[in-house]
Every structure is written in structure tokens, then in C-alpha cells.
Amino acid sequence: MLLALMQRARTAQGQFALADQATTDEAVTALAWSLYQPAHARELAEMAVAETGLGNVADKITKKQRKTFGTLRDLLRVRSVGIIETDTALGIVKYAKLVGIIAAITPATNPAATPVNKAMMAIKGRNAIIVAPSPAAWNTTARAVELMRAELSRIGLAADLVQVLPQPVTREATAALMAAADLVVVTGSQANVRQAYASGTPAIGVGAGNVPVIIDETADLDAAARRIAASKCFDNATSCSSENAVIIVDAVHDAAIDALRRAGGYLTTQAERQRIGERLWHDGRLDRALIARDATVLAERFDLAPAAKAARFFLVEETGTGPAHPFSGEKLSLVLAVYRAADFAAAMRQAGDILAYQGRGHSVGLHSRLPERGRELAEQLDVVRVLVNQAHTFGNGGGFDNGLNFTLSMGCGSWAGNSISENLNWRHFINVTHLVTTIPEDRPSEDALFGAYRARHGSGG
């Protein structure tokens with residue numbers, strides 16, 4: 001079966017390899033439209049929630065359309081065929097070349113948006129793509145692929161540019177696809193990421209999320225609370241960019257808690273906190289029946305006070321980090337850990353401790369009126385992204401009011417065992433040929449390079 005998939009992909013990709021930029025961009029637009037059009041976005045959102053039980057339909061529709069729109073914007077603004085860059089000063093001309101067959105491993109949390117997002121980037125590079133979906137979301141992903149294939153056929157291109165691994169999607173079948181492809185791109189579990197890097201095929205993986213955000217004493221507390229609430233609650237916290245901890249500087253702690261309450265948060269009691277911990281985790285693993293569920297469901301399952309039934313999310317006080325403090329890790333639910341820090345320096349240390357436990361390399365957020373504090377976080381913490389005064393879920397994977405590439409896959413650098421330290425984007429789906437011509441000689445004198453060093457330290461032995 002895999003051999004047949006690969007042969008069809010090679011045939012389709014071989015034909016598409018000769019496409020010009022206009023044809024390539026039309027293909028990318030076709031894939032985007034297959035998901036963006038309202039009827040399809042709703043159908044796939046409803047399928048995803050019904051099949052996986054994760055998230056909610058309204059937010060999944062928003063996610064599909066917003067991410068697709070933003071990614072299409074990014075892709076249509078760049079060249080990916082022929083000459084893509086000319087540097088006359090260095091005498092270098094860069095030509096984009098295709099990679100071949102992309103193996104895309106996709107998660108249950110975004111079973112339609114992620115496959116389409118990756119397919120758009122792959123097709124921008126004139127590649128073919130075969131999607132290996134989460135077994136828990138195969139039907140939704142297969143339908144998304146079916147819609148992409150239909151749209152490609154409608155504009156006269158080979159449908160086999162986009163295919164899906166047939167059922168059953170086993171670890172063995174996924175491993176075989178990884179080994180046969182020319183590039184593996186993985187979004188999902190860290191087990192899949194490690195498998196991709198061990199496949200022998202060039203691979204791009206992403207890191208685990210566990211985002212801490214800091215509220216300092218200068219922050220607009222109500223604005224910060226609204227951003228955190230909107231981001232935390234979006235699609236019931238399925239995003240890896242969803243806030244998992246808020247660290248509040250002592251000077252504004254009580255006022256910030258009040259602001260979070262006004263934004264829909266419910267501060268749990270110590271007894272409720274204990275029940276949440278006992279029920280959300282079993283033997284160190286999150287209970288799948290409780291992750292990404294509506295707030296009303298959690299309030300009932302956690303046996304919270306009547307006041308919690310009107311809440312949008314739940315605040316749980318925490319002081320430590322590590323395995324003995326599970327609330328310090330990723331929760332994939334509408335549960336937000338709250339830390340109290342003496343000052344900004346202590347808040348930054350706490351954020352570093354949280355990331356060192358889970359989420360190293362991913363991102364951190366800051367709500368502050370002091371720009372220098374964002375720079376300090378960027379200098380001191382091992383993260384790829386520092387977001388200032390933004391709703392993390394909406395900004396981390398690209399936003400219309402920031403300059404990050406739109407994506408559903410966030411590279412986290414070597415800190416997380418990843419090969420990229422940026423948002424996955426179209427450049428990861430091409431090879432580049434460098435045409436190199438001579439330029440006026442650029443050879444400094446020996447003294448220009450070594451003079452200052454020899455003046456300080458002598459010429460040595």
C-alpha cells in the first residue's frame with residue numbers, strides 16, 4: 001500500500017515540478033479554499049469534535065479560517081519558483097528547488113487545520129505530501145485530504161499531490177512512511193518527534209508547549225486578563241501555545257486575580273485544587289476524558305462550588321515546579337496555574353523553572369508597559385518566542401499584528417531537541433541552489449584581523 005502511495009506521489013510531483021509561480025500559487029490557494037470556505041470549515045470542525053472529543057466547534061471554525069487566511073497571505077507574498085533572491089554585493093543568486101515527497105505527521109488536536117497548513121507550505125515548494133494522521137482523528141483528516149484533492153482536480157492539477165495514509169495508521173506504518181519520504185515534518189507527540197529524527201530521513205519536529213506568562217506591576221491588568229482568558233479558553237486550551245501558568249508580581253497580585261475573575265476565572269479553594277489534581281492526572285498522565293473539555297463539564301467533574309459553573313476557566317494556586325507539582329506542567333485543559341513572585345526578577349526565574357520542567361524552548365509571555373522587560377526575557381530565557389502584551393494562542397503561531405509566520409507548528413530549537421528555532425514556514429519545504437559569481441576581492445589585512453589581539457596579548461611563542 002505504501003509503495004502505491006509513493007508511486008502516485010512521485011508521478012504527481014514529477015508533473016508539478018515544472019509548474020511556474022502562478023500555477024504554484026493557484027494550487028496553494030486551492031488548498032486554502034478547500035478548508036476556508038465556510039461550509040467545509042464547519043463540517044470539519046464538527047467532525048473533529050465528534051471524533052476526538054477535543055475542543056469546540058465554534059473555535060475550531062475560527063482557527064481553520066484564521067490560520068488558513070494568514071498562511072495564504074504569507075505564501076502569496078513570496079516567490080518559491082526559480083530565482084528567489086539576488087544579492088549583488090555578494091554575487092549570489094538563489095534558486096528554489098523542490099524537496100520531493102513530504103511525510104506530514106499530524107495531531108488529533110488539529111486534525112484538519114494542521115494537514116491543510118502543511119500541505120499549503122509543501123505545495124508552495126512544488127512538493128507532494130502524504131499525511132499520517134493521529135489514529136484518533138483519521139476520519140476528519142481523511143475528509144480534509146479528500147476536500148484538498150477535489151479542489152486540486154477542479155483546477156486541473158493531480159489530486160495525488162496530497163494523500164493520506166490509509167487505516168489502520170500504526171506506528172509501523174508511520175515509520176515506513178517516514179523512511180520512504182524525502183522530508184518528515186512532525187506536529188504532535190514528542191514520541192513521534194523522536195521517531196522522526198530516528199527515521200534516517202531529514203526531519204523537522206516541534207517541541208511541547210507549557211507557556212508561562214508574567215503580569216508585572218506596570219501591566220494594564222484588565223487588558224492582560226482579557227487576553228489571557230481569550231487565549232486560554234480558545235478551543236478549550238488545545239493549542240500548544242495556550243497559557244498554562246500565570247506568574248503575578250506581588251505588588252499587583254490581588255488586583256490581578258480580581259481582573260482574572262472579571263474575565264471569567266474562578267479561583268479554586270485548596271480542597272478543590274486537590275480534587276482537580278487527583279482527577280486530572282492518573283499515574284502521571286492526563287486523563288483524556290478531561291482534557292480540552294468545556295468549562296461546565298470540568299466544573300461538574302471536579303465537583304466545584306456552584307459559583308464555578310459560570311466560570312470560563314479555573315485558577316489553581318501553585319508554588320513549585322517538577323513532577324511533584326503537576327500543575328506546573330502542560331494541562332491541555334481550562335486549568336491555569338497561578339504563581340506569586342516577589343518582583344519581576346523572581347517572576348522571570350519562576351518562568352525559567354517552569355520551562356525547564358516542561359516546554360523548554362517554546363515561548364513565554366509578558367504583560368507589561370516596560371519594553372526593556374521583554375528584552376530581558378529574550379536575553380535570559382531559553383525560548384524561541386517572547387510575546388509582549390498579546391493573547392498567546394493568537395500571536396504565537398503568527399498574528400495580523402505581529403511579524404511571526406502563520407503556522408500550526410512551532411519549532412523550539414535545540415532546547416527541545418528540534419532542528420528549527422522558528423515557526424515552521426514555506427522555506428523549510430524547499431532546497432536552495434546558490435549561483436556564485438566573483439566579486440571584488442574582500443581580503444582585509446593581517447593587521448586588521450589580528451592587530452588588536454596581538455596588541456593586547458603579544459605575538460606568543
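Scanning for something farther than 30 Å from Ala345 by Cα and either modelled with pLDDT under 95 or under 18 Å from the mean Cα position of the chain (by Cα) (or both), does segment 378-398 turn up at least one residue? No, segment 378-398 contains no residue that is farther than 30 Å from Ala345 by Cα and either modelled with pLDDT under 95 or under 18 Å from the mean Cα position of the chain (by Cα) (or both).
Here Tyr197 clears all of (1) at pLDDT below 95; (2) under 23 Å from Ala45 (Cα atoms); (3) touching a strand residue (DSSP E or B) at 6+ places or on another chain (Cβ under 9 Å) except the condition numbered (2). From the list Thr29, Thr62, the lone residue that is buried (at least 17 other Cβ atoms within 10 Å of the Cβ) and under 23 Å from the mean Cα position of the chain (by Cα) is Thr29. Scanning segment 260-274 for residues that are in the same structural domain as Ala308 (by TED's automatic domain parsing), surrounded by 14 or more Cβ atoms within 10 Å (Cβ to Cβ) and touching a Ser or Thr at 6+ places or on another chain (Cβ under 8 Å) turns up nothing. Among the residues of segment 373-389, at least one is assigned to a loop (DSSP other than H, G, I, E, B) and under 23 Å from Asp235 (Cα atoms). Only a single item in (1) closer than 26 Å to Cys240 by Cβ; (2) part of a strand (DSSP E or B) is not met by Ile61, and it is number (2).
Residue by residue, here is whether (1) under 23 Å from Arg360 (Cα atoms); (2) under 25 Å from the mean Cα position of the chain (by Cα); (3) of a type in the set (S, T, N, Q); (4) part of a loop (DSSP other than H, G, I, E, B) holds:
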| position | (1), (2), (3), (4) |
| --- | --- |
| Ser239 | yes, yes, yes, yes |
| Ala245 | yes, yes, no, no |
| Ala271 | no, no, no, no |
| Gln274 | no, no, yes, no |
| Glu278 | no, no, no, no |
| Ala289 | no, yes, no, yes |
| Arg293 | no, yes, no, yes |
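For segment 130-181, the tally of residues that are closer than 24 Å to Arg288 by Cα, hydroxyl-bearing (Ser, Thr, Tyr) and assigned to a helix (DSSP H, G or I) stands at 3. Just one of the numbered conditions (1) touching a helix residue (DSSP H, G or I) at 6+ places or on another chain (Cβ under 7 Å); (2) closer than 25 Å to Ala108 by Cα is not true of Thr321: (2). For segment 109-123, the condition of being in contact with a strand residue (DSSP E or B) (Cβ under 7 Å, 6 or more places away or on another chain), assigned by TED's automatic domain parsing to the domain that holds Ala19, buried (at least 21 other Cβ atoms within 10 Å of the Cβ) and over 18 Å from Leu31 (Cβ atoms) holds for none of the residues. Quick one: would you say Thr319 is assigned to a loop (DSSP other than H, G, I, E, B), of a type outside the set (Lys, Arg), on the phi < 0 side of the Ramachandran plot and touching a residue at least 40 places away in the same chain (Cβ under 8 Å)? So Thr319 does not fit the description; no.
The values are calculated or read from the model by the stated rules, or taken from the named source; none is laboratory data. In this text, all values refer to a predicted model and were calculated from it rather than measured experimentally. Virtual Cβ from ideal backbone geometry, glycine too; neighbours counted across all protein chains shown.
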